[in-house]
Amino acid sequence: MNPLITRLPLFLRSIVAGTLLCLLTISTAMPARGHEDHPQAAAPPKVSEEVAHRPTAIPDRIVLTWVDDPSQTMAVTWRTDDSVQQAVAEITLADDGPHFVGNARVVAAETTPLVTDLGTAHYHTAYFGRLSPKTKYVYHVGDGTNWSEWAHFTTASSDSEPFTFVYFGDAQNDIKSHWSRVVREAYSDAPKASFLLHAGDLINSANRDAEWGEWFYAGGFIHRTTPCIATPGNHEYFKEENANGDVASHSLSRHWRPTFAFPQNGPSGLEESAYTLVYQGTRIISLNSNERQEIQARWLNSVLSSNECRWTVVTFHHPIYSAAEGRDNPELRSLWQPLFDRHRVDLVLQGHDHTYARSQLMAYQSENVATGVTRRSEEAGTVYVVSVSGPKMYELGHRPFMRRSAQGTQLYQIITIDGDELHYEARTAIGRPYDAFTLKKRPGQVNELIDRIPETPERRPAVKAAAR
Ligand SMILES: [Fe+2]
(Lines give C-alpha, C1' and ligand atoms only; values in the text may rest on other atoms or scores of the structure.)
Protein backbone atom coordinates (compact mmCIF):
# COMPACT_ATOMS: atom_id res chain seq x y z
CA MET A 1 0.00 0.00 0.00
CA ASN A 2 1.11 3.60 -0.64
CA PRO A 3 3.10 4.82 2.47
CA LEU A 4 1.08 8.10 2.47
CA ILE A 5 -2.10 6.08 2.95
CA THR A 6 -0.59 3.88 5.66
CA ARG A 7 0.16 7.01 7.75
CA LEU A 8 -3.56 8.02 7.73
CA PRO A 9 -5.90 7.05 10.60
CA LEU A 10 -7.76 3.79 10.01
CA PHE A 11 -11.19 5.38 9.30
CA LEU A 12 -9.64 7.77 6.72
CA ARG A 13 -7.77 4.88 5.10
CA SER A 14 -11.02 3.01 4.47
CA ILE A 15 -12.65 6.17 2.98
CA VAL A 16 -9.68 6.69 0.62
CA ALA A 17 -9.63 3.01 -0.38
CA GLY A 18 -13.40 3.03 -1.02
CA THR A 19 -13.12 6.18 -3.15
CA LEU A 20 -10.29 4.68 -5.23
CA LEU A 21 -12.29 1.49 -5.77
CA CYS A 22 -15.33 3.53 -6.82
CA LEU A 23 -13.30 5.53 -9.35
CA LEU A 24 -11.76 2.35 -10.73
CA THR A 25 -15.21 0.77 -11.19
CA ILE A 26 -16.56 3.84 -12.98
CA SER A 27 -13.52 4.09 -15.26
CA THR A 28 -13.75 0.43 -16.37
CA ALA A 29 -17.49 0.69 -16.92
CA MET A 30 -17.18 3.75 -19.13
CA PRO A 31 -16.42 3.43 -22.82
CA ALA A 32 -12.82 4.08 -23.80
CA ARG A 33 -11.97 7.64 -24.79
CA GLY A 34 -12.76 8.22 -28.41
CA HIS A 35 -15.01 5.11 -28.67
CA GLU A 36 -17.85 7.16 -30.14
CA ASP A 37 -15.50 8.57 -32.76
CA HIS A 38 -14.58 5.04 -34.01
CA PRO A 39 -17.74 3.03 -34.67
CA GLN A 40 -17.28 -0.75 -34.85
CA ALA A 41 -15.67 -1.82 -38.14
CA ALA A 42 -18.05 -3.39 -40.62
CA ALA A 43 -17.85 -7.21 -40.83
CA PRO A 44 -15.87 -8.46 -43.82
CA PRO A 45 -17.97 -9.70 -46.73
CA LYS A 46 -18.90 -13.36 -46.88
CA VAL A 47 -16.17 -15.39 -48.54
CA SER A 48 -17.47 -16.48 -51.92
CA GLU A 49 -18.00 -20.15 -52.72
CA GLU A 50 -15.53 -19.79 -55.58
CA VAL A 51 -12.84 -18.83 -53.07
CA ALA A 52 -13.92 -21.16 -50.26
CA HIS A 53 -14.00 -24.25 -52.48
CA ARG A 54 -11.38 -23.41 -55.10
CA PRO A 55 -9.13 -26.34 -55.98
CA THR A 56 -5.37 -25.87 -55.99
CA ALA A 57 -2.50 -28.14 -56.97
CA ILE A 58 -2.53 -29.46 -53.39
CA PRO A 59 -4.72 -32.58 -53.14
CA ASP A 60 -8.00 -32.23 -51.27
CA ARG A 61 -11.34 -34.12 -51.13
CA ILE A 62 -9.39 -37.34 -50.58
CA VAL A 63 -11.56 -40.43 -50.07
CA LEU A 64 -10.90 -44.16 -49.82
CA THR A 65 -13.26 -46.63 -51.48
CA TRP A 66 -13.24 -50.15 -52.86
CA VAL A 67 -13.71 -51.22 -56.43
CA ASP A 68 -12.75 -54.80 -55.75
CA ASP A 69 -11.85 -57.22 -52.95
CA PRO A 70 -11.25 -55.22 -49.72
CA SER A 71 -8.65 -57.74 -48.57
CA GLN A 72 -6.40 -57.11 -51.57
CA THR A 73 -7.26 -53.72 -53.03
CA MET A 74 -8.05 -50.11 -52.18
CA ALA A 75 -8.86 -47.08 -54.29
CA VAL A 76 -8.19 -43.46 -53.41
CA THR A 77 -9.70 -40.46 -55.17
CA TRP A 78 -8.75 -36.81 -54.75
CA ARG A 79 -9.20 -33.40 -56.33
CA THR A 80 -6.83 -30.76 -57.63
CA ASP A 81 -7.02 -27.84 -60.00
CA ASP A 82 -6.49 -28.49 -63.69
CA SER A 83 -2.77 -27.72 -63.54
CA VAL A 84 -2.23 -31.28 -62.32
CA GLN A 85 -2.08 -33.47 -65.40
CA GLN A 86 -0.15 -36.48 -64.11
CA ALA A 87 -1.25 -37.42 -60.65
CA VAL A 88 0.28 -40.24 -58.66
CA ALA A 89 -0.07 -42.00 -55.35
CA GLU A 90 2.68 -43.67 -53.37
CA ILE A 91 2.06 -46.61 -51.07
CA THR A 92 4.00 -49.00 -48.88
CA LEU A 93 3.70 -50.97 -45.66
CA ALA A 94 3.19 -48.66 -42.70
CA ASP A 95 6.07 -48.62 -40.27
CA ASP A 96 6.76 -47.45 -36.72
CA GLY A 97 9.20 -44.81 -37.94
CA PRO A 98 9.54 -42.53 -40.94
CA HIS A 99 11.90 -44.69 -43.01
CA PHE A 100 9.11 -46.33 -44.98
CA VAL A 101 9.27 -43.44 -47.44
CA GLY A 102 12.07 -44.94 -49.50
CA ASN A 103 10.12 -48.18 -49.92
CA ALA A 104 7.01 -46.61 -51.41
CA ARG A 105 5.93 -47.69 -54.87
CA VAL A 106 4.42 -45.21 -57.28
CA VAL A 107 0.94 -45.83 -58.67
CA ALA A 108 -0.19 -43.66 -61.57
CA ALA A 109 -3.69 -42.22 -61.20
CA GLU A 110 -6.47 -41.87 -63.74
CA THR A 111 -7.60 -38.27 -64.15
CA THR A 112 -11.14 -37.07 -64.89
CA PRO A 113 -11.80 -33.38 -65.57
CA LEU A 114 -14.99 -32.11 -63.94
CA VAL A 115 -16.69 -28.85 -64.86
CA THR A 116 -18.73 -27.66 -61.90
CA ASP A 117 -20.83 -24.59 -61.12
CA LEU A 118 -17.69 -23.08 -59.53
CA GLY A 119 -15.13 -23.90 -62.22
CA THR A 120 -13.03 -26.78 -63.46
CA ALA A 121 -11.32 -29.37 -61.31
CA HIS A 122 -9.39 -32.54 -61.90
CA TYR A 123 -10.37 -35.70 -60.03
CA HIS A 124 -7.75 -38.42 -59.79
CA THR A 125 -8.13 -42.06 -58.75
CA ALA A 126 -5.28 -44.42 -57.92
CA TYR A 127 -6.06 -48.13 -57.63
CA PHE A 128 -3.89 -50.05 -55.19
CA GLY A 129 -3.68 -53.77 -55.96
CA ARG A 130 -1.61 -56.73 -54.84
CA LEU A 131 -2.14 -55.78 -51.19
CA SER A 132 -1.86 -58.28 -48.35
CA PRO A 133 -4.91 -58.97 -46.20
CA LYS A 134 -5.17 -57.55 -42.68
CA THR A 135 -2.21 -55.25 -43.21
CA LYS A 136 -1.68 -51.59 -42.40
CA TYR A 137 -0.50 -49.49 -45.35
CA VAL A 138 0.63 -45.89 -45.61
CA TYR A 139 -0.04 -43.80 -48.70
CA HIS A 140 -0.08 -40.27 -49.96
CA VAL A 141 -1.31 -38.63 -53.15
CA GLY A 142 -0.03 -35.79 -55.27
CA ASP A 143 1.83 -34.90 -58.44
CA GLY A 144 5.46 -35.43 -57.43
CA THR A 145 5.74 -31.89 -56.07
CA ASN A 146 2.59 -31.15 -54.11
CA TRP A 147 1.56 -33.98 -51.81
CA SER A 148 -1.07 -34.85 -49.25
CA GLU A 149 0.08 -36.05 -45.86
CA TRP A 150 0.87 -39.73 -45.41
CA ALA A 151 -2.22 -41.55 -44.17
CA HIS A 152 -3.00 -45.09 -43.04
CA PHE A 153 -5.54 -47.70 -44.01
CA THR A 154 -5.81 -51.36 -43.13
CA THR A 155 -6.88 -54.03 -45.59
CA ALA A 156 -9.67 -56.44 -44.69
CA SER A 157 -9.01 -59.97 -43.54
CA SER A 158 -9.62 -62.63 -46.17
CA ASP A 159 -11.54 -64.58 -43.50
CA SER A 160 -14.92 -63.93 -41.91
CA GLU A 161 -13.50 -62.07 -38.93
CA PRO A 162 -15.55 -59.70 -36.74
CA PHE A 163 -15.74 -56.09 -37.88
CA THR A 164 -17.64 -52.87 -37.26
CA PHE A 165 -19.05 -50.28 -39.63
CA VAL A 166 -20.98 -47.04 -39.24
CA TYR A 167 -24.20 -46.23 -41.09
CA PHE A 168 -25.49 -42.70 -41.71
CA GLY A 169 -28.86 -41.53 -43.01
CA ASP A 170 -29.12 -38.26 -44.96
CA ALA A 171 -26.47 -35.63 -44.14
CA GLN A 172 -27.78 -33.36 -46.90
CA ASN A 173 -28.25 -29.84 -45.45
CA ASP A 174 -25.98 -27.37 -43.66
CA ILE A 175 -23.39 -30.08 -43.94
CA LYS A 176 -20.43 -28.11 -42.64
CA SER A 177 -22.23 -26.49 -39.74
CA HIS A 178 -24.45 -29.40 -38.66
CA TRP A 179 -23.18 -32.73 -40.02
CA SER A 180 -19.57 -32.22 -38.91
CA ARG A 181 -20.32 -32.93 -35.26
CA VAL A 182 -22.21 -36.11 -36.11
CA VAL A 183 -19.59 -37.73 -38.33
CA ARG A 184 -16.89 -36.76 -35.84
CA GLU A 185 -18.84 -38.09 -32.84
CA ALA A 186 -19.35 -41.34 -34.74
CA TYR A 187 -15.65 -41.53 -35.52
CA SER A 188 -14.73 -40.93 -31.89
CA ASP A 189 -17.09 -43.75 -30.89
CA ALA A 190 -15.93 -46.21 -33.56
CA PRO A 191 -12.48 -45.08 -34.70
CA LYS A 192 -11.59 -48.56 -35.92
CA ALA A 193 -14.70 -48.93 -38.06
CA SER A 194 -13.95 -50.76 -41.29
CA PHE A 195 -16.04 -48.37 -43.37
CA LEU A 196 -18.68 -45.65 -43.26
CA LEU A 197 -21.90 -46.40 -45.14
CA HIS A 198 -24.07 -43.55 -46.41
CA ALA A 199 -27.67 -44.32 -47.40
CA GLY A 200 -28.04 -41.44 -49.86
CA ASP A 201 -28.58 -37.66 -49.83
CA LEU A 202 -25.03 -36.91 -48.82
CA ILE A 203 -25.71 -33.43 -50.21
CA ASN A 204 -28.82 -31.41 -51.15
CA SER A 205 -28.17 -30.07 -54.66
CA ALA A 206 -26.67 -32.73 -56.89
CA ASN A 207 -24.33 -30.50 -58.87
CA ARG A 208 -23.43 -27.79 -56.34
CA ASP A 209 -19.70 -28.02 -55.83
CA ALA A 210 -19.81 -26.10 -52.52
CA GLU A 211 -21.98 -28.80 -50.93
CA TRP A 212 -19.55 -31.53 -51.94
CA GLY A 213 -16.83 -29.32 -50.49
CA GLU A 214 -18.74 -29.16 -47.21
CA TRP A 215 -19.17 -32.94 -47.13
CA PHE A 216 -15.42 -33.34 -47.39
CA TYR A 217 -14.82 -30.58 -44.85
CA ALA A 218 -17.07 -32.31 -42.32
CA GLY A 219 -15.46 -35.72 -42.71
CA GLY A 220 -11.94 -34.26 -43.00
CA PHE A 221 -9.20 -36.83 -42.52
CA ILE A 222 -11.75 -39.55 -41.69
CA HIS A 223 -12.46 -40.00 -45.41
CA ARG A 224 -8.72 -40.53 -45.94
CA THR A 225 -8.39 -43.33 -43.42
CA THR A 226 -11.80 -45.04 -43.30
CA PRO A 227 -13.25 -46.23 -46.63
CA CYS A 228 -16.66 -45.07 -47.75
CA ILE A 229 -19.59 -47.00 -49.22
CA ALA A 230 -22.46 -44.85 -50.50
CA THR A 231 -25.69 -45.19 -52.43
CA PRO A 232 -27.26 -42.23 -54.25
CA GLY A 233 -30.39 -40.54 -52.93
CA ASN A 234 -32.87 -38.41 -54.82
CA HIS A 235 -30.77 -35.35 -53.99
CA GLU A 236 -27.82 -36.85 -55.83
CA TYR A 237 -30.06 -36.64 -58.91
CA PHE A 238 -30.31 -33.51 -61.00
CA LYS A 239 -33.63 -32.68 -62.65
CA GLU A 240 -33.70 -30.59 -65.78
CA GLU A 241 -36.98 -29.04 -66.77
CA ASN A 242 -38.20 -28.17 -70.25
CA ALA A 243 -39.94 -24.94 -71.24
CA ASN A 244 -43.26 -26.28 -69.90
CA GLY A 245 -41.77 -26.92 -66.48
CA ASP A 246 -41.88 -30.70 -66.94
CA VAL A 247 -38.94 -32.86 -65.93
CA ALA A 248 -36.98 -33.40 -69.13
CA SER A 249 -34.12 -35.38 -67.65
CA HIS A 250 -33.13 -36.90 -64.36
CA SER A 251 -29.47 -37.68 -64.04
CA LEU A 252 -26.95 -38.71 -61.41
CA SER A 253 -24.81 -35.88 -60.03
CA ARG A 254 -21.86 -35.00 -62.22
CA HIS A 255 -19.75 -35.32 -59.06
CA TRP A 256 -20.70 -38.90 -58.16
CA ARG A 257 -18.54 -40.97 -60.45
CA PRO A 258 -15.45 -38.70 -60.45
CA THR A 259 -15.63 -38.45 -56.62
CA PHE A 260 -16.11 -42.13 -55.72
CA ALA A 261 -14.51 -45.25 -57.16
CA PHE A 262 -17.11 -47.91 -56.40
CA PRO A 263 -17.48 -51.38 -57.93
CA GLN A 264 -18.78 -51.48 -61.49
CA ASN A 265 -20.40 -54.88 -61.13
CA GLY A 266 -24.04 -53.71 -61.14
CA PRO A 267 -26.49 -53.58 -64.03
CA SER A 268 -25.29 -51.82 -67.14
CA GLY A 269 -25.83 -48.07 -66.88
CA LEU A 270 -25.90 -48.14 -63.08
CA GLU A 271 -22.18 -48.65 -62.53
CA GLU A 272 -20.98 -47.28 -59.17
CA SER A 273 -24.52 -46.71 -57.91
CA ALA A 274 -25.85 -50.31 -57.88
CA TYR A 275 -23.04 -52.63 -56.88
CA THR A 276 -21.93 -55.27 -54.43
CA LEU A 277 -18.83 -56.19 -52.48
CA VAL A 278 -17.93 -58.66 -49.76
CA TYR A 279 -16.23 -57.49 -46.58
CA GLN A 280 -14.95 -60.25 -44.29
CA GLY A 281 -17.71 -62.66 -45.14
CA THR A 282 -20.54 -60.11 -45.21
CA ARG A 283 -22.14 -59.13 -48.50
CA ILE A 284 -22.93 -55.44 -48.88
CA ILE A 285 -25.29 -54.43 -51.70
CA SER A 286 -26.05 -50.90 -52.84
CA LEU A 287 -29.25 -50.55 -54.85
CA ASN A 288 -30.06 -47.32 -56.66
CA SER A 289 -33.69 -46.67 -55.73
CA ASN A 290 -33.90 -43.68 -58.08
CA GLU A 291 -34.18 -45.49 -61.39
CA ARG A 292 -34.49 -48.79 -63.28
CA GLN A 293 -35.66 -50.70 -60.23
CA GLU A 294 -36.90 -53.70 -62.26
CA ILE A 295 -33.53 -54.26 -63.91
CA GLN A 296 -31.97 -54.11 -60.47
CA ALA A 297 -34.44 -56.70 -59.17
CA ARG A 298 -33.19 -59.19 -61.76
CA TRP A 299 -29.58 -58.36 -60.96
CA LEU A 300 -30.27 -58.60 -57.23
CA ASN A 301 -31.85 -62.02 -57.68
CA SER A 302 -28.81 -63.31 -59.52
CA VAL A 303 -26.40 -61.85 -56.92
CA LEU A 304 -28.36 -63.32 -54.02
CA SER A 305 -28.87 -66.69 -55.74
CA SER A 306 -25.13 -67.29 -55.67
CA ASN A 307 -24.49 -65.51 -52.38
CA GLU A 308 -22.45 -67.65 -50.00
CA CYS A 309 -22.02 -65.01 -47.31
CA ARG A 310 -23.40 -65.61 -43.84
CA TRP A 311 -24.65 -62.03 -43.54
CA THR A 312 -26.18 -59.76 -46.18
CA VAL A 313 -26.77 -56.03 -45.72
CA VAL A 314 -28.58 -54.00 -48.39
CA THR A 315 -28.64 -50.23 -48.60
CA PHE A 316 -30.74 -47.90 -50.74
CA HIS A 317 -32.28 -44.49 -50.23
CA HIS A 318 -36.09 -44.59 -50.52
CA PRO A 319 -37.57 -46.62 -47.64
CA ILE A 320 -39.96 -49.43 -48.47
CA TYR A 321 -41.40 -49.02 -44.96
CA SER A 322 -41.60 -45.32 -44.29
CA ALA A 323 -41.65 -43.65 -40.90
CA ALA A 324 -44.36 -41.28 -42.10
CA GLU A 325 -47.82 -41.85 -43.54
CA GLY A 326 -47.94 -41.44 -47.29
CA ARG A 327 -44.20 -41.81 -47.80
CA ASP A 328 -44.09 -45.58 -48.27
CA ASN A 329 -42.83 -46.92 -51.57
CA PRO A 330 -45.18 -49.86 -52.20
CA GLU A 331 -44.03 -50.46 -55.79
CA LEU A 332 -40.45 -50.77 -54.66
CA ARG A 333 -41.55 -52.99 -51.79
CA SER A 334 -43.43 -55.38 -54.06
CA LEU A 335 -40.45 -55.52 -56.40
CA TRP A 336 -37.57 -55.96 -53.97
CA GLN A 337 -38.87 -57.29 -50.67
CA PRO A 338 -39.88 -60.76 -51.94
CA LEU A 339 -36.23 -61.12 -52.99
CA PHE A 340 -35.01 -60.00 -49.58
CA ASP A 341 -37.35 -62.58 -48.05
CA ARG A 342 -36.48 -65.43 -50.39
CA HIS A 343 -32.74 -64.93 -49.99
CA ARG A 344 -32.90 -63.95 -46.32
CA VAL A 345 -31.36 -60.53 -46.41
CA ASP A 346 -30.62 -59.63 -42.80
CA LEU A 347 -30.64 -55.86 -42.66
CA VAL A 348 -31.83 -53.03 -44.94
CA LEU A 349 -30.39 -49.55 -44.32
CA GLN A 350 -32.30 -46.61 -45.80
CA GLY A 351 -32.68 -42.82 -45.62
CA HIS A 352 -34.98 -40.21 -47.17
CA ASP A 353 -37.48 -39.77 -44.32
CA HIS A 354 -35.44 -37.45 -42.06
CA THR A 355 -36.67 -39.34 -39.01
CA TYR A 356 -35.59 -42.54 -37.29
CA ALA A 357 -37.57 -45.77 -37.55
CA ARG A 358 -36.40 -49.32 -36.91
CA SER A 359 -38.64 -52.27 -37.63
CA GLN A 360 -39.25 -55.66 -36.13
CA LEU A 361 -38.55 -58.68 -38.37
CA MET A 362 -40.57 -57.97 -41.48
CA ALA A 363 -41.78 -60.31 -44.19
CA TYR A 364 -43.56 -59.16 -47.31
CA GLN A 365 -47.33 -59.14 -47.12
CA SER A 366 -49.37 -59.02 -50.28
CA GLU A 367 -53.09 -58.63 -50.25
CA ASN A 368 -55.32 -60.13 -52.87
CA VAL A 369 -57.67 -57.24 -53.49
CA ALA A 370 -60.41 -59.51 -54.92
CA THR A 371 -60.50 -61.94 -51.99
CA GLY A 372 -59.15 -59.69 -49.25
CA VAL A 373 -56.77 -62.48 -48.27
CA THR A 374 -53.37 -61.37 -47.04
CA ARG A 375 -50.52 -63.65 -47.92
CA ARG A 376 -47.44 -63.47 -45.76
CA SER A 377 -44.11 -64.85 -46.89
CA GLU A 378 -43.21 -67.84 -44.82
CA GLU A 379 -39.98 -68.11 -42.93
CA ALA A 380 -38.71 -64.68 -43.77
CA GLY A 381 -37.65 -61.72 -41.77
CA THR A 382 -35.47 -58.70 -42.36
CA VAL A 383 -34.91 -55.65 -40.16
CA TYR A 384 -35.50 -52.30 -41.90
CA VAL A 385 -34.04 -49.02 -40.69
CA VAL A 386 -34.55 -45.41 -41.71
CA SER A 387 -32.18 -42.89 -40.18
CA VAL A 388 -31.00 -39.30 -40.55
CA SER A 389 -27.67 -37.72 -39.63
CA GLY A 390 -28.14 -34.16 -40.89
CA PRO A 391 -30.28 -31.33 -39.45
CA LYS A 392 -33.30 -31.46 -41.79
CA MET A 393 -36.19 -33.01 -39.85
CA TYR A 394 -39.56 -34.37 -40.92
CA GLU A 395 -42.58 -35.39 -38.90
CA LEU A 396 -42.80 -38.94 -37.67
CA GLY A 397 -45.88 -41.06 -38.15
CA HIS A 398 -47.20 -43.77 -35.87
CA ARG A 399 -46.63 -46.96 -37.84
CA PRO A 400 -47.23 -50.38 -36.31
CA PHE A 401 -44.03 -51.92 -37.68
CA MET A 402 -41.75 -49.57 -35.74
CA ARG A 403 -39.96 -50.95 -32.71
CA ARG A 404 -38.10 -47.72 -32.06
CA SER A 405 -38.45 -44.29 -33.63
CA ALA A 406 -37.35 -40.69 -33.23
CA GLN A 407 -38.21 -37.24 -34.49
CA GLY A 408 -36.01 -34.14 -34.41
CA THR A 409 -32.91 -36.22 -33.72
CA GLN A 410 -29.62 -36.63 -35.58
CA LEU A 411 -28.19 -40.12 -35.31
CA TYR A 412 -25.46 -42.49 -36.40
CA GLN A 413 -25.44 -46.27 -36.17
CA ILE A 414 -22.60 -48.58 -35.17
CA ILE A 415 -23.01 -52.13 -36.46
CA THR A 416 -20.74 -55.04 -35.52
CA ILE A 417 -20.86 -58.43 -37.20
CA ASP A 418 -19.27 -61.18 -35.16
CA GLY A 419 -19.77 -64.81 -36.19
CA ASP A 420 -23.44 -65.71 -35.83
CA GLU A 421 -24.40 -62.39 -34.28
CA LEU A 422 -25.01 -58.90 -35.59
CA HIS A 423 -25.02 -56.13 -32.99
CA TYR A 424 -26.66 -52.86 -33.90
CA GLU A 425 -26.59 -49.60 -31.96
CA ALA A 426 -28.06 -46.22 -32.86
CA ARG A 427 -26.68 -43.21 -31.04
CA THR A 428 -27.77 -39.58 -31.12
CA ALA A 429 -25.55 -36.72 -32.25
CA ILE A 430 -24.13 -36.43 -28.72
CA GLY A 431 -23.37 -40.13 -28.49
CA ARG A 432 -26.40 -40.97 -26.34
CA PRO A 433 -27.47 -44.61 -26.82
CA TYR A 434 -30.85 -44.57 -28.56
CA ASP A 435 -31.60 -47.97 -30.02
CA ALA A 436 -29.98 -51.41 -30.01
CA PHE A 437 -30.73 -54.95 -31.04
CA THR A 438 -28.93 -58.19 -31.79
CA LEU A 439 -29.68 -60.53 -34.67
CA LYS A 440 -28.74 -64.16 -34.17
CA LYS A 441 -28.35 -66.72 -36.92
CA ARG A 442 -30.29 -69.94 -36.36
CA PRO A 443 -29.55 -72.92 -38.62
CA GLY A 444 -32.42 -73.51 -41.03
CA GLN A 445 -34.58 -70.74 -39.55
CA VAL A 446 -34.93 -66.99 -39.83
CA ASN A 447 -32.84 -64.86 -37.51
CA GLU A 448 -33.76 -64.28 -33.92
CA LEU A 449 -34.22 -60.59 -33.08
CA ILE A 450 -33.31 -59.56 -29.54
CA ASP A 451 -34.26 -55.99 -28.71
CA ARG A 452 -31.84 -54.15 -26.44
CA ILE A 453 -33.51 -50.74 -26.47
CA PRO A 454 -31.77 -48.40 -23.98
CA GLU A 455 -33.64 -46.43 -21.34
CA THR A 456 -33.31 -43.16 -23.23
CA PRO A 457 -36.86 -41.77 -23.55
CA GLU A 458 -38.31 -42.06 -27.03
CA ARG A 459 -37.99 -38.76 -28.87
CA ARG A 460 -41.34 -38.62 -30.65
CA PRO A 461 -44.51 -36.59 -30.39
CA ALA A 462 -47.20 -38.01 -28.13
CA VAL A 463 -50.21 -39.64 -29.78
CA LYS A 464 -53.07 -37.14 -29.75
CA ALA A 465 -55.93 -38.28 -27.55
CA ALA A 466 -59.00 -39.28 -29.53
CA ALA A 467 -61.69 -36.60 -29.57
CA ARG A 468 -64.53 -37.38 -27.22
FE1 LIG B 1 -33.19 -36.48 -47.89
Compute the length gained on full extension between residue 242 and residue 146: take 0.36 nm times their separation in residues and subtract their Cα-Cα distance, giving the result in nm to one decimal.
30.2 nm
Might you tell me the accessible area per residue for the chain, computed with a 1.4 Å probe and given in Å²?
48 Å²
At 1.4 Å probe size, with the rest of the protein present, what percent of the exposed accessible area of the stretch 100-217 is carbon and sulfur atoms?
47 percent
Mind ranking 50-60, 383-393, 190-200 by how tightly packed they are, going by the mean number of other C-beta atoms within 10 angstrom, highest first?
383-393, 190-200, 50-60
Can you put 49, 331 in order of accessible area, largest first, using a 1.4 Å probe?
331, 49
Explain nothing, just the number: dipole magnitude of the chain about its Cα centre with +1 on each Lys and Arg Cβ and -1 on each Asp and Glu Cβ, in debye rounded to the nearest 20.
1460 debye
Residues with amide H under 5 Å from that of residue 404, placed H, sequence gap 5 or more:
358
Counting sequence-distant residues (5 or more places) and residues on other chains, those with an amide H built under 5 Å from that of residue 460 are 407
Can you list residues whose amide H is under 5 Å from residue 252's amide H, if they're 5+ apart or on another chain and H is modeled 1.01 Å from N?
238
Where both partners of a DSSP beta bridge lie in the stretch 220-336, what percent of those bridges are antiparallel, to the nearest 5?
65 percent
Compute the acute angle (0 to 90°) between the alpha-carbon long axis of helix 293-305 and the principal axis of greatest extent of the alpha-carbon atoms of the chain; round to the nearest 10°.
70 degrees
With a 1.4 Å probe and all protein chains kept in place, how do 291, 110 rank by accessible area, largest first?
110, 291
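The values are calculated or read from the model by the stated rules, or taken from the named source; none is laboratory data. The structure displayed is predicted, hence computed values, not measured ones. Heads up, the Cβs are rebuilt from the backbone with ideal geometry, glycines too, and the neighbour counts pull from every protein chain shown. To get the accessible areas, we keep the full protein, side chains included, count just its heavy atoms, and leave off ligands, DNA and RNA. Shrake-Rupley method; radii C 1.70, N 1.55, O 1.52, S 1.80 Å.
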